[in-house]
1. Scanning segment 67-89 for residues that are in a loop (DSSP other than H, G, I, E, B) and among the acidic types (Asp, Glu), which turns out modelled with the highest pLDDT?
2. Among 16, 64, which is the only one that is farther than 21 Å from residue 79 by Cα, out of contact with any Gly (no Cβ under 8 Å at 6 or more places or on another chain), polar (S, T, N, Q) and modelled with pLDDT of 90 or more?
3. Identify the single condition in (1) over 16 Å from the mean Cα position of the chain (by Cα); (2) modelled with pLDDT under 90 that residue 39 does not satisfy, given that it satisfies every other one.
4. Any idea how many residues of segment 43-58 are more than 12 Å from residue 29 (Cβ to Cβ) and of a type in the set (S, T, N, Q)?
Amino acid sequence: MSDSALHVAIRKLMENMGSDLIEERAVNYIIRELHNGRSLSSVVNDSYIKNRIDEEKMDHILENEEVIRAVEEEISAAFKDKDFKFTDE
C-alpha cells in the first residue's frame, strides 16, 4: 500500500469514526428530548439535529433500536395517561 493510499484509508477511517460519534450524540439527544416530553417531529426538526444529520443518516437513526424503544415508551405512556400530545404546546 502506497503512502497516499494509506493516508486516504486513515482519513476515511477517522471521518467514519467522527460520523459515528455525531450519530451517537444525535441518538442520545433524540432519546433525551423524547423523554422530556417533546414530540419526535419536533426533535428531528430541531436545529441541533438539522445542522448535524443529513437525511440518509436520519433514516439510519430512526431505525436505531434505542430510538424505537424510546418512541414506544412515549406511546405507551401517552395511552396510559391519555395524553397524546397531538400539538407541541
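The values are calculated or read from the model by the stated rules, or taken from the named source; none is laboratory data. Keep in mind the model is a prediction, meaning the values are calculated, not measured. We place every Cβ from the backbone using ideal geometry, glycine too, and count neighbours over all the protein chains shown.
1. Here is the first cut: in segment 67-89, the residues in a loop (DSSP other than H, G, I, E, B) are 82-89.
Now drop any that are not among the acidic types (Asp, Glu), which leaves 83, 88-89.
Working: 83: 73, 88: 53, 89: 48.
Among those residues, the one meeting the criterion is 83.
2. Going through 16, 64 in turn, just one is farther than 21 Å from residue 79 by Cα, out of contact with any Gly (no Cβ under 8 Å at 6 or more places or on another chain), polar (S, T, N, Q) and modelled with pLDDT of 90 or more: 64.
3. Looking at each condition in turn, residue 39 falls short on (1).
4. 1
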